[in-house]
Amino acid sequence: MLTFGQAIREGKMSLKTDDFEKLTGDQPLTVKYMFEHSDDFQIGARHSQGK
């Protein structure tokens, strides 16, 4: 995640393409959509194992 932050600050993730749609024929999901529908993206139980 740290390298994502650095890449964003350096403008390396500012280019928007339609490559996903060209490859899949579908519109990509936005991060906003995934957070708003987070229950739809969970796989299995989530339990902290920290002590």
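The values are calculated or read from the model by the stated rules, or taken from the named source; none is laboratory data. All values derive from a computational prediction rather than experimental measurement. Reconstructed Cβ throughout: ideal geometry from the backbone, glycine too, with neighbour counts over all protein chains shown. The protein model used for the area step is the full one, side chains on, heavy atoms only, and it has no ligands, DNA or RNA in it. Shrake-Rupley method; radii C 1.70, N 1.55, O 1.52, S 1.80 Å.
Of the conditions (1) at pLDDT below 85; (2) surrounded by 10 or more Cβ atoms within 10 Å (Cβ to Cβ); (3) of a type outside the set (Ser, Thr, Tyr), Gly44 satisfies every one except a single condition; which number is it?
Checking Gly44 against (1) at pLDDT below 85; (2) surrounded by 10 or more Cβ atoms within 10 Å (Cβ to Cβ); (3) of a type outside the set (Ser, Thr, Tyr), the one that fails is (2).
Quick check on His37: is it over 16 Å from the mean Cα position of the chain (by Cα) and without any contact (Cβ under 8 Å) to a residue 60 or more places away in the chain? Full working, then the answer.
On the way: over 16 Å from the mean Cα position of the chain (by Cα): no; without any contact (Cβ under 8 Å) to a residue 60 or more places away in the chain: yes.
Here the answer is no, as His37 does not meet what is asked.
When the range 19-29 is examined, which residues are found to be in a loop (DSSP other than H, G, I, E, B) and either open to solvent by 80 Å² or more (accessible area, probe 1.4 Å) or modelled with pLDDT of 95 or more (or both)? Reasoning before the result, please.
Step one: filter the range 19-29 for residues in a loop (DSSP other than H, G, I, E, B), giving 25-29.
Hits for the range 19-29 are Gly25, Asp26, Gln27, Leu29.
In the range 1-18, which residue that is out of contact with any helix residue (DSSP H, G or I) (no Cβ under 9 Å at 6 or more places or on another chain) and assigned to a loop (DSSP other than H, G, I, E, B) is least open to solvent (accessible area, probe 1.4 Å)? It would help to see each step written out before you state the result.
Taking the range 1-18 and keeping what is out of contact with any helix residue (DSSP H, G or I) (no Cβ under 9 Å at 6 or more places or on another chain), we get 1-11, 15-18.
Of the ones still in play, those that are also assigned to a loop (DSSP other than H, G, I, E, B) are 1, 10-11, 15-18.
On the way: Met1: 176, Glu10: 97, Gly11: 38, Leu15: 144, Lys16: 183, Thr17: 78, Asp18: 76 Å².
Out of the qualifying residues, it is Gly11.
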